[in-house]
Amino acid sequence: MGNVVLNLEMSKINEMKNYYGRQLLDKNIPGSVFAAKTPACMITAYKSGKVLFQGNDCEKEANKWSESTSTPGKKPAVAKVKSVAKGHLPFGIGEMSAIGSDEVGTGDFFGPITVVAAYVKKEDIPLLKELGVRDSKDLNDEKIIAIAKVIKGVVPFSLMTLKNEKYNQVQRSGMSQGKMKAILHNQAILNVLEKIAPAKPEAILIDQFVQPSTYFQHLKGQKVVVNKDVYFSTKAEGIHLAVAAASILARYAFIQYIDKLSEAAGFRIPKGAGAQVDVAAAKLILNKGRDILPTFVKLHFANTDKAIALVNKKQS
Ligand code: MG
């Protein structure tokens, strides 16, 4: 029986909690955020950010989430791995002509995953700065929409939207969210490379969501894998504007999709995975029936059961 410990940020741990949905255990372990059990692995996440994977297949399970892995007893490798990853970036990457890619929607119960790869030529960097392109986490939806409308005519990009129905289908078939994302990023980057040919980027920067080795592991079996000049970094939006632009365009697409879902639902669909989405999903079930759910939500999130419980409570 193996053990793997990861040190993760709380946002990642919350994402995991959603991911394990129905596999969550109703156990109150002191200091823990959640505990979950898959057929081959027991997972316990702690408030400290430590996540413990125990079981025969725990390494595989941990790889889905690892940005850095360490064995218990050894010093956590987080800081080291991060600085090494940053060190791998070519000097001056921020001023290069680059493709950047990022995704949105992975932690949202409602709506798809949207992935965008965007190409920013070095000559266009000042223009994009002028247009207000920067870390999208600092921008509200209104700003995102305004900037996206302008830059979508300026930067070549490719948007991949994994709609809920398809998402649920591949998730049920056993594909991890990490693998879905890797495939979408690779495809979006491929599309942009085709669009801009014969021009070539000096670098391709992916906002890191897994270890590079895991990323390429996920892409085994894909017809074409882009691996030349591919770099990974967390918080890559701050490293190259191409990633910031990709992030803004991905968020714009996600917002538009949520608008479409809201229209179909007849009420405002909330983002995120908090209690408000449970209430909205319950309302949706009461209005339209449970069969509508797969086209609106990511079914494996714990929110599904919570929504159904709310419906049952209302009906009893
Ligand atoms: Mg990202």
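Condition check for Arg268 on (1) among the charged types (D, E, K, R); (2) away from the ligand (no atom under 16 Å from the Cβ); (3) modelled with pLDDT under 95: one failure, at (3).
Got a number for residues in segment 2-53 being aromatic (Phe, Trp, Tyr) and over 23 Å from Thr304 (Cβ atoms)?
Going through segment 2-53 one residue at a time, the tally reaches 2.
For Pro198, are the conditions met, namely being in contact with a helix residue (DSSP H, G or I) (Cβ under 7 Å, 6 or more places away or on another chain), open to solvent by 20 Å² or more (accessible area, probe 1.4 Å) and away from the ligand (no atom under 16 Å from the Cβ)? No; evaluated as a whole, the condition is false for this residue.
The set of residues in segment 201-226 that are open to solvent by 20 Å² or more (accessible area, probe 1.4 Å), away from the ligand (no atom under 16 Å from the Cβ) and either touching a helix residue (DSSP H, G or I) at 6+ places or on another chain (Cβ under 7 Å) or outside the structural domain of Val104 (by TED's automatic domain parsing) (or both) comprises Gln222, Val224, Val225.
Rundown of residues vs (1) at negative phi; (2) within 16 Å of the ligand (Cβ to nearest atom); (3) in a strand (DSSP E or B), yes/no style:
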position	(1), (2), (3)
Gly94	yes, no, no
Tyr119	yes, no, yes
Glu123	yes, no, no
Val154	yes, no, no
Leu159	yes, yes, yes
Glu165	yes, no, no
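Go through segment 227-238 and give me each residue that's away from the ligand (no atom under 12 Å from the Cβ) and either farther than 14 Å from Thr214 by Cβ or assigned to a loop (DSSP other than H, G, I, E, B) (or both).
Step one: filter segment 227-238 for residues away from the ligand (no atom under 12 Å from the Cβ), giving 227-231.
Asn227, Lys228, Asp229, Tyr231 - these are the residues of segment 227-238 that are away from the ligand (no atom under 12 Å from the Cβ) and either farther than 14 Å from Thr214 by Cβ or assigned to a loop (DSSP other than H, G, I, E, B) (or both).
Tell me yes or no: at least one residue of segment 241-255 is assigned by TED's automatic domain parsing to the domain that holds Leu128, within 16 Å of the ligand (Cβ to nearest atom), part of a loop (DSSP other than H, G, I, E, B) and crowded, with 20+ Cβ neighbours inside 10 Å. No, every residue in segment 241-255 fails to be assigned by TED's automatic domain parsing to the domain that holds Leu128, within 16 Å of the ligand (Cβ to nearest atom), part of a loop (DSSP other than H, G, I, E, B) and crowded, with 20+ Cβ neighbours inside 10 Å.
Evaluated against (1) modelled with pLDDT of 80 or more; (2) away from the ligand (no atom under 16 Å from the Cβ), Gly105 falls short on exactly one condition, (2).
For segment 17-43, name all the residues that are open to solvent by less than 80 Å² (accessible area, probe 1.4 Å), within 17 Å of Asp57 (Cα to Cα) and not in a loop (DSSP other than H, G, I, E, B). Working first, answer last.
From segment 17-43, those open to solvent by less than 80 Å² (accessible area, probe 1.4 Å) are 17-21, 23-25, 29, 31-36, 38, 40-43; that's our starting set.
Then drop every residue that is not within 17 Å of Asp57 (Cα to Cα), which leaves 20, 23, 35-36, 38, 40-43.
Result: Tyr20, Gln23, Ala35, Ala36, Thr38, Cys41, Met42, Ile43.
I'm trying to understand the selection: among the residues of segment 109-167, which are closer than 15 Å to Ile258 by Cα, open to solvent by 70 Å² or more (accessible area, probe 1.4 Å) and in contact (Cβ under 8 Å) with a residue 12 or more places away in the chain? Result: Lys163, Glu165. A single member of Lys306, Lys313 is among the charged types (D, E, K, R), modelled with pLDDT under 95 and not in a loop (DSSP other than H, G, I, E, B), and it is Lys313.
The values are calculated or read from the model by the stated rules, or taken from the named source; none is laboratory data. In this text, all values refer to a predicted model and were calculated from it rather than measured experimentally. No Cβ is skipped: glycine too gets one built from the backbone with ideal geometry, and neighbour counts run over all protein chains shown. For accessibility, only protein heavy atoms count, side chains too; no ligands or nucleic acids. Shrake-Rupley method; radii C 1.70, N 1.55, O 1.52, S 1.80 Å.
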